[in-house]
Amino acid sequence: MSELDRRRFLNRAVLGGATVVGATALGSVAPEAAFAAIQPDGEKLELDPSKPDPDFAEGRITGISGSLLLVTGSDGALHRIQLTGGTSIWKLRPTTIESAEVGDGLYARGVRMGDGTLAADAVWLNIVNLTVHISSIGKDVIHFDHHGSRLVGHVVPGTTAAVYNDTPAISDLSLLKVGVHVQVIGAWRPDTNEVDLATVYAAA
Amino acid sequence: MASEIDAPFYGESTWFCCGNAWGPCGGTGHGACGTCNSGSLQCAWPNTSDACYAITRPDRCGRTGLLRRTCGFTLYIRSRCNGNQVTTRIADCGPQTDLFCGERTCCSGLCARDRLMDLTPAAYSRIASLSTGKIPVRISSTP
Amino acid sequence: MIGWFAALQPLLVGAVLLWAGAFKLLARRAPALARRSALSTLVGKDRAAVAFRAVGSAELAVGAVLLAPPALAVEAVVATGLCIALLGYLGYARVVAPESSCGCLSAKHTPVRWRSFARTGVLAAASALAVAGAQWWLPAVDARPGPAVVVLAAEALVVLALSPDLDSYWLVPLRRLRVRLSHPLAGSAGFEIPVASSVQQLLRSPAFQAAGPWVRSDLLDFWDEAEWRVLSYTARYGGRLATAVFAVPRLRYEPDAVRAVLVDEADHSVLWEFAPAPAPVPTG
């Protein structure tokens with residue numbers, strides 16, 4: 001199925017017209033009922049929190065071979081991350097494996113296979129979540145203070161959004177003020193003190 | 001407000017990196033407990049010690065009664081978005097609660113306010129996508 | 001000329017020391033600040049607050065002596081020694097606790113960086129120069145009031161510019177004014193609804209509440225279809241690999257209207273569906 005055909009099919013499925021072979025839920029679901037009735041697939045063994053999570057990998061990409069990422073963890077561990085058509089890849093925005101580069105920082109969650117490879121459900125490249133202080137604002141750039149170090153945030157037109165007091169995200173960043181604390185989700189530019197901004201959470 | 005003494009309570013959770021990790025995380029070390037790593041199921045708690053409490057000051061947000069829980073203590077964090085739960089051990093002091101007093105996050109019609117929990121990327125990604133940044137959670141010392 | 005210039009320095013150094021001392025003694029948060037500074041590493045957490053106030057007392061005493069007549073060379077020597085000792089403490093803090101706050105002039109958390117060193121160096125130099133002062137500062141100001149004000153104002157500006165803990169008093173307002181006048185981020189507002197907004201709406205919807213536990217990935221793909229934005233995620237449903245597809249209203253904020261399906265990846269059958277509850281029919 002081509003990408004366009006797939007989208008057309010999924011549009012029909014979600015917007016009406018597809019035959020449902022399974023269950024149908026109608027209307028809002030009380031949280032207790034939802035959590036009680038819907039069990040995550042499979043029972044996971046209780047993990048030891050003091051050890052690395054086997055279904056998670058972090059580190060920097062040191063090699064890319066087709067759909068396989070070779071990653072060296074910050075603890076020196078070597079990881080093989082297998083990507084599939086169902087693996088979500090985030091690099092400032094949802095993207096594809098072509099965006100991955102050697103040197104990118106990585107977090108990956110999935111299922112550890114018998115041969116030690118991590119079959120990834122989700123991969124996040126260069127993602128950072130920082131609490132920072134806005135020290136100055138320039139044209140399409142915001143300068144932050146992050147624990148006493150300078151960090152430069154780049155506004156990416158069409159992508160960067162701001163959330164003011166938990167209201168719906170908008171692309172208008174002009175309400176951000178110098179001197180306030182904000183939280184920033186962004187994509188780090190490797191080996192620099194610069195970040196491309198995805199979302200900025202601020203009080204209005 | 002009911003005291004949060006030893007009963008489950010609700011707050012926001014964000015995530016943070018620790019250990020010798022890449023990016024702007026590089027200089028943070030292994031956290032206040034000396035054991036924090038981004039790949040482990042760990043968390044930061046606002047009241048691990050007097051020095052920690054003096055920095056996080058959850059009382060400034062009206063969140064009094066947060067019990068002293070020291071390094072290694074087990075906390076169960078359940079996402080209010082999808083009901084998924086993760087078991088974590090305290091490995092650091094945080095988050096900076098008093099910088100965001102009154103901040104609210106909602107998910108699936110359920111909300112929570114004030115930042116009371118910070119999870120490692122491994123722990124957060126068990127219950128939510130890292131790109132969400134913060135979620136409302138239920139925090140308890142029993143499963 | 002040098003004697004006149006040197007005679008002015010106790011006014012600058014004395015004023016700064018008075019400010020620093022008064023802050024350390026009178027700030028309500030002084031004990032907390034002391035514990036967060038490198039002092040706690042130097043003297044121990046239990047004694048940090050006492051040490052903090054002791055330093056403040058010393059600064060207050062030296063500052064008062066510098067400002068009060070007569071001008072004695074030994075006062076300037078003591079002030080120089082105090083500044084050199086502070087340089088040493090800053091160096092210690094930078095090495096032992098680089099993220100700790102100086103706590104020098106305000107409660108603002110300011111890790112020790114080059115500006116703190118430069119400011120203390122300027123004050124040490126001014127104190128050393130004051131040794132050569134031949135008279136108390138007030139007659140020196142009276143003798144040439146205009147030049148005295150210019151010199152002292154310039155020196156005060158230098159100290160201010162080198163004080164990160166005082167930025168909120170002048171630098172932040174200045175930068176806010178510049179933003180108000182130049183609107184550097186005015187171009188960011190557009191008509192396109194950012195994807196982040198659609199994801200936020202999805203996370204608040206009853207549809208996500210119902211389907212969320214099955215979702216395994218982050219946002220996989222998204223596209224616009226008429227009034228909807230369609231978001232897809234990988235899911236697992238009863239052991240079967242599936243795609244969770246959500247239709248989120250694109251041009252209005254209505255989480256309750258979000259629709260969802262789970263589509264089996266193997267045979268493309270629809271395994272599960274969530275539709276918004278119909279609006280209640282008004283009665284009466």
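Of the Cα atoms belonging to segment A:127-202, the radius of gyration and Dmax stand at 11.1, 34 Å. Quick one: net charge around C:Ala6, please, counting Lys, Arg +1 and Asp, Glu -1 for every other residue with C-beta under 14 Å from its C-beta. Neighbour charge sum, excluding C:Ala6 itself: -1. Shielding value for A:84-91 is 6, the average number of Cβ atoms from other chains within 10 Å of each residue's Cβ.
For segment C:133-284, take every pair of Cα atoms, bin their distances at 10 Å starting from 0, and report each bin as a whole percent. Calculated P(r), rounded to whole percents: 9, 23, 16, 11, 11, 9, 7, 8, 4, 1. In percent, rounded to a whole number, the relative contact order of segment B:82-143 is 36, using alpha-carbon pairs under 8 Å and six or more apart. Taking N as the residue count of segment B:9-140, its C-alpha radius of gyration divided by 2.2 N^0.38 Å amounts to 0.95. Charged side chains reduced to their Cβ positions (Lys and Arg at +1, Asp and Glu at -1) give segment C:24-130 a dipole of some 520 debye around its Cα centre.
Applied to segment A:107-113, the Karplus parametrisation 6.51 cos²θ - 1.76 cosθ + 1.60 on θ = phi - 60° returns per-residue 3J(HN,Hα) values of 10, 9, 10, x, 10, 6, 8 Hz, with x for Gly and Pro.
I need the calculated FRET efficiency for the pair A:Thr72 and B:Asp59, taking r as the beta carbon distance and R₀ as 60 Å, to the nearest 0.05.
FRET efficiency, A:Thr72 to B:Asp59: 0.90.
Judged by a Cβ-Cβ distance under 4.7 Å, the unpaired cysteines of chain C are C:Cys83.
What dipole magnitude, in Debye to the nearest 20, does the protein assembly as shown give about its Cα centre under +1 on Lys/Arg Cβ and -1 on Asp/Glu Cβ? Walk me through the numbers on the way to the answer.
Working: 56 positive and 53 negative charges, 298 e Å.
Value, rounded to 20: 1420 debye.
Distance between the pseudo-spin-label points of C:Phe117 and C:Arg180 (7 Å out from Cα toward the beta carbon): 3.7 nm.
Protection proxy ranking of C:109-116, C:256-263, A:174-181, A:112-119, by the mean of other Cβ atoms within 10 Å over each peptide's residues and highest first, is C:256-263, C:109-116, A:174-181, A:112-119.
Looking at the square roots a ≥ b ≥ c of the eigenvalues of the Cα gyration tensor of segment C:1-90, which shape do they give, rounded for a/c under 1.5, prolate if a/b is larger than b/c, or oblate? Judged from the Cα gyration tensor, segment C:1-90 comes out prolate (a/c at least 1.5, a/b above b/c).
What is the sum of charges around C:Arg47, taking Lys and Arg as +1, Asp and Glu as -1, for the other residues whose C-beta is under 15 Å from the C-beta of C:Arg47?
On the way: positive: C:Lys24, C:Arg35, C:Arg36, C:Lys45, C:Arg53; negative: B:Asp50, C:Asp46.
Computed value for this residue: +3.
Please work out how much length the chain gains when fully extended from C:Tyr253 to C:Lys108, using 0.36 nm per residue of separation minus the C-alpha to C-alpha distance, in nm with one decimal.
Working: separation 145, 0.36 × 145 = 52.20 nm, distance 3.96 nm.
Length gained between C:Tyr253 and C:Lys108: 48.2 nm.
Taking Cβ atoms as reference points and 12 Å as the exclusive limit, the residues near A:Ile61 contribute a net charge of 0, counting Lys and Arg as +1 and Asp and Glu as -1. Remark on chain C: hydrodynamic radius 24.5 angstrom, per the Kirkwood mean of 1/r across alpha carbon pairs. Since only A:Pro157, A:His147, A:Ile89 are under comparison, the one whose Cα sits farthest along the positive direction of the charge dipole of segment A:81-189, derived from C-beta charges on Lys, Arg, Asp and Glu, is A:His147. Calculated [222 nm] ellipticity per residue, helices only, for the protein assembly as shown: -9500 deg cm²/dmol; basis is -39500 (n - 2.57) per DSSP H run with n ≥ 4, divided by all residues, nearest 500.
Quick one: if the Förster radius is 45 Å, what FRET efficiency do A:Asp48 and C:Val131 give, using the C-beta to C-beta distance and rounding to 0.05? Calculated transfer efficiency: 0.10.
For segment C:157-245, the C-alpha radius of gyration divided by 2.2 N^0.38 Å, with N the number of residues, is 1.90. Helix C:167-182 and the long axis of chain C differ in direction by around 50°, with both axes built from C-alpha atoms. When only Cα pairs below 8 angstrom with a gap of at least 6 residues are kept, segment A:74-203 shows a relative contact order of 23 percent. Computed over the alpha carbons of segment C:2-170, Rg followed by Dmax gives 16.0, 50 Å. Distance between the 7 Å Cα→Cβ label points at A:Asp172 and C:Glu227: 2.4 nm. Taking θ as phi - 60° and the Karplus parameters 6.51, -1.76 and 1.60, the scalar couplings of segment A:135-144 work out to 9, 7, 10, x, 5, 6, 8, 10, 9, 10 Hz in sequence order, x denoting glycine and proline.
Working from Cα pairs under 8 Å separated by at least six residues, relative contact order for segment C:195-274 is 27 percent. Shape descriptor for segment C:195-274: Rg over Rh equals 0.95 (Cα atoms; Rh from the Kirkwood inverse mean 1/r).
Quick one: in the protein assembly as shown, what % of C-alpha pairs are over 50 Å apart? Before the final figure, lay out the partial values.
Details: 41516 of 198765 pairs.
When all Cα pairs of the protein assembly as shown are counted, 21 percent exceed 50 Å.
Close amide H pairs (under 5 Å, H built 1.01 Å from N) link A:Val141 with A:Val155, residues at least 5 positions away or on another chain.
For segment A:56-125, the convex hull spanned by the alpha carbon atoms encloses 75 Å³ per residue. Placing a pseudo-label 7 Å from each Cα along the Cα-to-Cβ vector at C:Val158 and A:Ser65 gives an inter-label distance of 6.3 nm.
No value in this document is a laboratory result; all are computed from the given coordinates. Bear in mind the structure is a predicted one, so any value in this text is a computation, not a measurement. Note that we place each Cβ from the backbone using ideal geometry, even for glycine, and neighbour counts take in every protein chain shown.
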